[in-house]
1. If you go through region 71-127 one residue at a time, how many are free of Cβ contacts under 8 Å to residues at least 60 places away in the same chain and in a loop (DSSP other than H, G, I, E, B)?
2. Which fully enclosed strands (runs of 3 or more DSSP E) of region 134-176 have 2 or more residues being aliphatic (A, V, I, L, M) and free of Cβ contacts under 8 Å to residues at least 24 places away in the same chain?
3. I need the full set of residues from region 35-56 which are surrounded by 12 or more Cβ atoms within 10 Å (Cβ to Cβ), in a loop (DSSP other than H, G, I, E, B) and in contact with a strand residue (DSSP E or B) (Cβ under 9 Å, 6 or more places away or on another chain), in order please.
Amino acid sequence: MAKKVAVVAVDPVNGCGLFQYLEAFYENGIPYRVYAAAETTRIRTNSGVKLETDDVIANLKGHEDEFDALVFSCGDAVPVFQQHADEPYNIDLMEVLKTFGEKGKILIGHCAAAMLFDFAGITTGKKVAVHPLAKGAIQRGQATDEASVIDGNLCTARDENHIWTMLPEAVKMLKD
């Protein structure tokens, strides 16, 4: 039976990345729920498409054991993450990432996802693919120039244009 996935989308989310994950999960019978890293379930893509998620990140906190994996779908909100780091939804996001990581669950993401995984303290001793502009922020893990990297439970891609290089293996991990 396929593993259950919590998909976390920031506001605004990179629609190209988010929809690649959701389509792959749908096509492969992998159950998922989408959580907004926001105060409301109404978010938008970086191109302005309005989306309604299943729930908000605050309601994922404490329910991590209901899922086998987490996808962090990056977006334009990440470059200003520091400006909003003290918002309750970002505090919840970091706690959820840390909990998933500490439990050894599968973590998947692209662009600056590896940076947030690193901030959460869950990349120690692991190689990660990260957007070139975020590479210098990786302190615990080892940032690479590779299109994507799968290292144990971490599946990362440099950006949305390279998700396809890791997605088949990530889907296989979720289906096993």
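1. 14
2. 148-151
3. Across region 35-56, the qualifying residues are Ala38, Glu39, Thr41, Asn46, Thr53, Asp54.
No lab work stands behind these numbers, since they all come straight from the coordinates. For clarity, every value in this text was computed on a predicted model and none was experimentally measured. Backbone-built Cβ (ideal geometry, glycine too); neighbour counts: all protein chains shown.
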